[in-house]
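Student: Encoded as structure tokens, here's the structure I'll be asking about.
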Amino acid sequence: MLSKCDIIHNMDNKMRIDKLKESEYQELFGVHKPTFDVMLAILERAYEEMHTQGGRPPRLSVLDKLVITLGYYHDYRTMQNIAFDYDVSKSRISDAVKWVEETLIEDGTFALPSKRELVKADTEIVIAIVDATECETERPKKNKQNLTPASKNATQLKTKS
């Protein structure tokens with residue numbers, strides 16, 4: 001069940017987004033307002049079709065899922081960071097991003113051309129691919145040898161004298 005805080009948070013997001021100017025959509029989400037509105041309409045329609053029988057209210061609204069997905073791709077934020085902002089688990093963020101992607105692709109409005117169209121000689125298509133996958137940064141393991149190289153050198157110098 002959604003708490004009062006969750007309901008206020010969802011309403012707050014909607015009110016904040018409603019107050020945005022058209023030029024701010026591109027800056028914040030990476031898409032223009034008409035594109036944002038089309039995406040939101042597609043997702044809301046798909047959500048209504050999925051939940052015709054009712055069901056438990058979601059922790060994240062359809063608007064939140066869209067904002068999360070666009071923020072994830074536009075700002076290169078980690079899912080853990082976004083999960084902290086929305087007070088949900090990382091897996092819930094991952095599920096939201098996947099649902100938005102799959103729903104928009106299934107609709108066909110935002111789909112890439114088919115392979116058959118790409119093979120045609122008279123078709124000129126420009127493609128830009130961005131790798132925005134989340135991966136952990138490799139860091140050296142911490143141990144005593146790596147933590148104190150300066151003091152180790154000083155000790156070796158004293159013993160040699």
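Every read-out reported here was derived from the displayed coordinates using simple, explicitly stated rules and does not represent laboratory data. For clarity, every value in this text was computed on a predicted model and none was experimentally measured. In this analysis, Cβ positions are derived from the backbone assuming ideal geometry, glycine residues included, and neighbour counts consider all displayed protein chains.
Student: In the structure displayed, which of 14/98; 21/115; 90/141; 90/115 lie more than 30 Å apart, Cα to Cα? Display every interim value, and only then the final one.
Tutor: On the way: 14/98 22 Å; 21/115 38 Å; 90/141 25 Å; 90/115 34 Å.
Pairs exceeding 30 Å: 21/115; 90/115.
Student: Separate question: Work from the charge dipole of region 4-119 (Cβ charges, +1 for Lys and Arg, -1 for Asp and Glu, about the Cα centre) and give the residue of 91, 39, 70 farthest towards its positive end.
Tutor: Highest projection toward the positive end goes to 91.
Student: Something else: In debye to the nearest 20, how big a dipole does region 4-119 give about its Cα centre with +1 on each Lys and Arg Cβ and -1 on each Asp and Glu Cβ? The partial results should precede the final answer.
Tutor: Numbers: 16 positive and 20 negative charges, 45 e Å.
Dipole magnitude for region 4-119 comes out near 220 debye.
Student: Give me a comma-separated list of calculated 3J(HN,Hα) values for region 89-100, in order, Karplus coefficients 6.51, -1.76, 1.60 applied at θ = phi - 60°, integers in Hz, x for any Gly or Pro.
Tutor: 3J(HN,Hα) across region 89-100, in whole Hz: 7, 4, 5, 5, 5, 4, 4, 5, 4, 4, 5, 4.
Student: Then there's this: Show me 77-87, 35-45 ranked by packing, highest mean number of other Cβ atoms within 10 Å first.
Tutor: Working: 77-87: 14.9, 35-45: 16.8.
My ranking of the peptides, most packed first, is 35-45, 77-87.
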